[in-house]
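The next block holds one structure in the form of structure tokens; read it before the comments.
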Amino acid sequence: MYISRLNISGYKNCKENSEVRLNKGLNVLVGENGSGKTTIVNALRLILRENEFSYMNIDEDDFYISLDKQYSAPDIRIDLTLDSLSSDEQVTFLTWCDADFKAQLHLEVNSNPNRKGYYKKEIWGGASKSSIFEEETFDCIECIYLPPLRDAEEKLVNGKRSRLAQLLKKQYGDNKDSLVKNVTDFNFQITSNAEKKYNEIESAKININAKLEEALGQRLGQSINLQFAETTFNKIVESIKMVFFPGVQQSDPNKFRDIATNSLGYNNLLYIATVFAELELLKDNNMMTVLLIEEPEAHLHPQLQVKFIKYLEEVTRKLENLQVVITTHSPVLASSIDINNLIHITQREDRIIATPLKEIDLGESKNYINRWLDVTKSTLLFSKGIILVEGISEAMLLPTFAKIVLAQYNKTALANSETLLPTSLEEAGVSTININGINFKHFMKLFSNCDGSSSGVHLPIFCSGITDNDPPKLKILVYDEKGELKKDKDDEPLTTLQDIFPLPNESPVGGNSALNLIEDINKSTWGRLFSSPLKTFEYDLAINGNTSLMARIIHDIWPAEGTVKKRCISIFEKDNEYAGDEQGLKEDAEYLFKHINVDEIGKGIYAQKLTEYLESQIQGHLDAINDNKSNIMEVYENISKIMNIPDYIRKAIIWACGGGER
């Protein structure tokens, strides 16, 4: 049995009905801050009556309220469906079941409090409120909650709130008597001091009683005794505390230390291990256990995060009656598990949109994404927008290009009194992800149907990709020094392949296989793929009116004096003026292209230096904004002139930032 579906309305950030479909076993909720992950967890806590030492009460802030405060939800409604019930579970939860033996549980809270200020909760199983509802049925479901940034030390030391005490109470079950007897006997030895082993304690007791009698007299005074601990079972287990040793298989009790001296991360793991030990005891006692963990990565370095999530995967496979729901902001955790366990959470139009990745038609791409969704690429699951790029140059330069593109966009928007976009990818929550090649078909299936996929489920994130046109090389004949055609041993003309460098007014046919995906991807709601119109990222950048700037960068980082520096000076001094000389523009762009990806520089170093230069120019203009921002239009204008960004890159940036197709 497991929770297959959760529906929420009127609660927290859910105005409309929000449906969350859950997996059997492990569920990892990923998404940006404020998307609704905690709302989902708290909804489960409410309807399952989770009780970690205090029952969750509803207050006024739990009801949905619109941003303008003009609308407040009249009630909270939470519904869950339990699926795959065994025959025993069908009998136990019979009053909750429909004709297909899917159990239903419902919670409704009206927004009108009673005279004491409390909100009445109605809970029922099955389709009708009038159904017979047996409270004891809840005893078959255990819900355990581990909060974010938990104070693990507080929960592990002795006391009523000790998680260790909860574990020990379950561990002992009905076998409490021997422990109580042993502690009682030990207490009696102390209080009686029959064997004269505790004379100091006896003396302290006598002295205190004597002083009480002196101060208060026999009629008003009291008597005290000294003992080791209370002898009730609960008090005994609540007095037991945990100590630790920084290593395994240590048996010398003198070497263990107080957990107050342990790290926060390891104390969190000790706390979680205590909960897992509790789960082991529950596996035969309950029909179902739901474990809710918020942000388990708190205070854990990456290796411990991976070790933890792998262990949790193993535990959920072994314990059939255990369902785990985790929330996380950690790309390390998200990239360490099978994507079938991932559920993307986002907020759209006053409701939570939950997208289980296993429902997306990825086909053979699922194995590829599972393999390549590393810590860097998994950031796409936490982004508002995504730009997929082929290589390191694009990944380094796109965030800087975006500042120029967005300045130009916002200048026009201000002039037309339209909505502004953020001024940078960071502000927009957009991630630039290097997929190291042209395998867009694998990643784009998350956002659109392409390459044979046909799914109605996609991640609701604006995703754009930029790719090179990559026109195929021309096959040309080879001639010798005398101009005579060379031939091979079979007397066939010798040929060679030659790069082509198109002019701006040309439309060369591309040889990039990813271009075949554009038509299908660009029909989708969330995905777009844009290609360079001529050749490659660097060549199209240069020929788009940027030869002077790009020549300056090559000149500054070229390691030796000579013809390269001289040619760069010549290109720089032209200041992008090629009126009537398209051939000269092509030759200069070709020269720059051929001198970027060479041993003396390399694409990565060139992109880094160009980025540094552009950022310094942008920051200089931003520093000129006056206090009342009255010159913001002028600043936007100046930033937009720093570099001419090719149209296909501009479109990709605007799309990912939520600006649509402009």
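Could you tally the net charge around residue 4, taking each other residue with its Cβ under 14 Å from the Cβ of residue 4, Lys/Arg +1 and Asp/Glu -1? Mind showing how you got there, number by number?
Details: positive: 5, 21, 24, 102, 358; negative: 19, 79, 83, 89, 98, 100, 359.
That sum, taken over residues with Cβ under 14 Å, equals -2.
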- Message: Compute the helix-to-body angle for 392-415: its Cα long axis versus the longest principal axis of the chain, expressed 0 to 90° and rounded to tens.
- Response: 90
- Item | the stretch 70-155: trypsin sites (Lys or Arg not before Pro) in DSSP loop, at most 10 other beta carbons within 10 Å | 115, 116
- Residues in the stretch 636-662 near a label at residue 376, defined as backbone nitrogen under 19 Å from the 7 Å Cα→Cβ point? none
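Using only alpha carbon pairs under 8 Å that are at least six residues apart, calculate the relative contact order of the chain and give it in whole percent.
Working: 1128 pairs, mean separation 85.0, N = 662.
Rounded, it is 13 percent for the chain.
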- Given a Förster radius of 45 Å and the C-beta distance between residue 87 and residue 522 as r, what FRET efficiency does 1/(1 + (r/R0)^6) yield to the nearest 0.05? 0.30
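Could you calculate the FRET efficiency of residue 212 with residue 5 from 1/(1 + (r/R0)^6), where r is the beta carbon distance between them and R0 is 60 Å, rounded to 0.05?
Working: r = 65 Å, r/R0 = 1.09.
Efficiency for this residue pair is about 0.35.
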- Label-to-label distance, nm, for residues given as residue 505 and residue 136 (7 Å Cα→Cβ offset): 9.0
- Total charge of the residues flanking residue 530 in space, meaning their Cβ is under 15 Å from its Cβ, with Lys and Arg +1 and Asp and Glu -1, is -3
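Summing Lys, Arg as +1 and Asp, Glu as -1, what charge do residues with Cβ under 12 Å from the Cβ of residue 456 carry, residue 456 excluded?
-2
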- Query: Put +1 on the Cβ of every Lys and Arg and -1 on every Asp and Glu Cβ in the stretch 61-105; which of 70, 105, 92 then has its Cα farthest towards the positive end of the dipole?
  - Reply: 70
- Using a basic spin-label model with each label point 7 Å from the Cα along Cα→Cβ, how many nm lie between residue 600 and residue 481? 2.7
- Message: Please compute the modelled spin-label separation between residue 455 and residue 647, points set 7 Å along Cα→Cβ, answer in nm with one decimal.
- Response: 3.3
- Could you work out the relative contact order of the stretch 367-440, using alpha carbon pairs under 8 angstrom and six or more residues apart, expressed as a whole percent? 48
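Give, in nm to one decimal, the length gained when the segment between residue 118 and residue 192 is fully stretched (0.36 nm per residue of separation minus the Cα-Cα distance). Write out the running numbers ahead of the final one.
Details: separation 74, 0.36 × 74 = 26.64 nm, distance 5.14 nm.
Here the segment from residue 118 to residue 192 would lengthen by 21.5 nm.
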- Item | the stretch 495-526-the stretch 351-379 distance, computed between alpha-carbon centres (Å) | 27
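Kindly state, to the nearest 0.05, the FRET efficiency for residue 225 paired with residue 311, given R0 = 60 Å and r defined as their beta-carbon distance. Intermediate results must be reported in sequence, preceding the final value.
Values: r = 48 Å, r/R0 = 0.79.
That gives a FRET efficiency of 0.80.
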- Message: Can you compute the charge dipole magnitude of the chain about its Cα centre, using +1 on each Lys and Arg Cβ and -1 on each Asp and Glu Cβ, nothing else charged? Give it in debye, rounded to the nearest 20.
- Response: 1540
- Structure-derived log10 I(q)/I(0) by the Debye sum over Cα atoms at q = 0.06, 0.08, 0.10 Å⁻¹: which label, when the choices are (i) -0.66, -0.81, -1.03; (ii) -0.41, -0.69, -1.01; (iii) -0.53, -0.81, -1.06: (iii)
- Could you name the aspartates and glutamates in cross-link range of residue 594, using Cα to Cα under 19 Å and dropping any fewer than eight places away on the same chain? 390, 394, 468, 470, 499, 538, 540, 556, 561, 582
- Message: Using only the alpha-carbon atoms, how far is helix 163-172 inclined from the longest principal axis of the chain? Give it as 0 to 90 degrees, nearest 10.
- Response: 60
- Note on the structure: DSSP beta bridges in the stretch 360-656: the antiparallel percent, rounded to 5, is 30
- Query: For the Cα atoms of the chain, what angle does the longest principal axis make with the long axis of helix 177-192, in degrees from 0 to 90, nearest 10?
  - Reply: 60
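Bear in mind that the values in this text are calculations on the coordinates, not laboratory data. This is a predicted model, so every value here is computed, not measured. Heads up, the Cβs are rebuilt from the backbone with ideal geometry, glycines too, and the neighbour counts pull from every protein chain shown.
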